[in-house]
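Below is one structure, written out as structure tokens; the observations come after it.
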Amino acid sequence: MTKSNKPIAIYQDQRIAEEWCNFRCEYCEGFCPTEYSLRKDENGNLHVAEEWYDKIEKMPESVKKFFANGRGFKEFYDVATAVMNESKKVMDTDILKISGGELTVNPNLCNYVETLHNQYKMVQILSNGSNIKSEEIERYKRMGNVTFQISLDGVTAEANYSKSHSSFMTKKVVETIDELLNNGIGVEINCVLTKYNTDKFKEFLEHFKNAKNLMIVPRPVRGEPRSILDFNEQQILEFERCIIDNYNKYNNILPPLPYFERLINIMKTGKRSYKCYIPYFIQSIDGYGKFEMCPIGLQYKDNSNVISGDINSNHILINSEYKPNNNYQLCDYCIIQYEMLNLYVDGIISEDELKKMPSLNNNDIIMHIKHIKHDIMDMESVRDNNERGNKEKVLSRNR
């Protein structure tokens, strides 16, 4: 707990201008929204799909008012800023993770981050890495608490094919990651495993083998795109062999080995069989103020919006309605970088191993994670005792 006695979100996963991206990744949100465009009309309004008007019409007036006079990046960033400010009334946040869409299509992103980075222990920017300029990297370095999560599936065009069909663009993103690392800025690489790269993971590791302040986190492709992008059994075996044979060589840039044990098991079985505590640590919020289902985080009513005051400090981050061992449909085939928090709660990895993630390399953040783990263990113990007591009562009645 903080001095304010408000609940703590380790990560606030905050989306901004989420409809706009300069990539068309084959696995993005069920083959990517394509009707939104970065082109502008004579008034500077961004082109939106018809569905956007339907969505906004259903929003509360407190959100609609931001778009009364325009629909440029300023308006989308203004509403996101309001969401962040209102969220502070409900919870304290250690790490602000901001994502789009693709944030770097906004030429004023660096200016924006400069206005808010000192309000958080850490700021993590999720980007495809295609449009980060050298002069901006210098400014992010000076801020001192900014890290990046870059989406990249391989260091060659062949391996990165699901993200970009351009060898030039793949090379540019790799060079940008190198430049961030050379400037001491931490990077977590989000690598989606597909039929194009699962058996080429070693070349990825070889390129970054000497890097510091880097973690490469692979995960399987999910959802409908699996039907055309999924790896085959032989590729899974090759990926597994790559990890088993080379982990000691590349462990400085990889998650702890238990992460791979879980990942490979899920890849082989197609089914997650592990508890998930992520909702106790992370709150996902869309660009218009809605607290989202996954990660669940705070309790909330359907269609509640933080800007409208629907969510207040009486809500709790440790959600008593959520059960970590339930087989929720969304969790059925899911493993991502946040799995490290699950491994820590399960007592499988240490605090020092958590700190290998650049965004978690902060003693105050680790202390808060430790406190939340303690709360989870207490809550799980109470729940287990109650369930055990209920079973004993049933057995006693049946005797």
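The values are calculated or read from the model by the stated rules, or taken from the named source; none is laboratory data. None of the values given here were measured: they were computed from a predicted structure. Please note: Cβ atoms are built from the backbone with ideal geometry, for glycine as well, and neighbour counts cover all protein chains shown. Only protein heavy atoms, including side chains, enter the accessible area calculation; ligands, DNA and RNA are left aside. Shrake-Rupley method; radii C 1.70, N 1.55, O 1.52, S 1.80 Å.
Residues whose amide H comes within less than 5 Å of that of Q124, counting only those at least five positions distant or on another chain, are L96, K97, I98, T147 (H built at 1.01 Å from N in the peptide plane). For the chain, the relative contact order comes to 18 percent (Cα pairs under 8 Å, sequence separation of at least 6). Please list, ordered by chain and number, the residues whose modelled amide H lies under 5 Å from the amide H of A9; skip anything fewer than 5 residues away on the same chain. Answer set, sorted by chain and number: D92, T93, D94.
Look at the dipole of the chain built from charges on Cβ: of N145, I369, G289, the Cα furthest out on the positive end belongs to I369. Across the range 151-162, computed HN-Hα scalar couplings (Karplus, 6.51 cos²θ - 1.76 cosθ + 1.60, θ = phi - 60°) run 8, 7, 9, x, 8, 10, 4, 5, 6, 9, 5, 5 Hz from first to last residue, x flagging Gly and Pro.
Stretching K271 away from V382 to a fully extended chain increases their span by 37.2 nm, per 0.36 nm per residue minus the current alpha-carbon distance. The share of accessible area on the chain that comes from carbon and sulfur is 46 percent, using a 1.4 angstrom probe. Given +1 at the Cβ of Lys and Arg, -1 at the Cβ of Asp and Glu and no other charges, the dipole of the range 38-177 around its Cα centre is 300 debye to the nearest 20. With θ taken as phi - 60° and the Karplus curve 6.51 cos²θ - 1.76 cosθ + 1.60 applied, the whole-hertz 3J(HN,Hα) list for the range 268-277 is 6, 8, x, 8, 7, 10, 10, 5, 10, 9 Hz, x standing for glycine and proline. In the chain, helical runs assigned H by DSSP with n ≥ 4 each contribute -39500 (n - 2.57); averaged across all residues and rounded to the nearest 500, the mean residue ellipticity at 222 nm is -12000 deg cm²/dmol.
About its Cα centre, the chain has a charge dipole of approximately 900 debye under the convention of +1 per Lys or Arg Cβ and -1 per Asp or Glu Cβ, with nothing else charged. Across the range 347-352, computed HN-Hα scalar couplings (Karplus, 6.51 cos²θ - 1.76 cosθ + 1.60, θ = phi - 60°) run x, 8, 10, 9, 5, 5 Hz from first to last residue, x flagging Gly and Pro. For the range 100-227, the Cβ-based charge dipole about the Cα centre amounts to some 260 debye (Lys, Arg positive; Asp, Glu negative; other atoms uncharged). Taking D286, D332, D378 as the candidate residues, the one with maximal mean-square fluctuation in a Gaussian network model of the chain, Cα springs under 10 Å, is D378.
Springs between Cα atoms under 10 Å define the GNM used for the chain, and in it the highest mean-square fluctuation of P218, P60, P256 occurs at P60. The residues of the chain expose, per residue, 46 Å² of accessible area to a 1.4 Å probe.
Determine the sum of side-chain charges near E114: Lys and Arg each +1, Asp and Glu each -1, restricted to other residues whose C-beta is under 14 angstrom from that of E114.
0
Of all DSSP bridge pairs formed entirely within the chain, close to 10 percent run antiparallel. Each residue, H371 and A49, gets one label point 7 Å from its Cα in the Cβ direction; the gap between the two is 4.1 nm.
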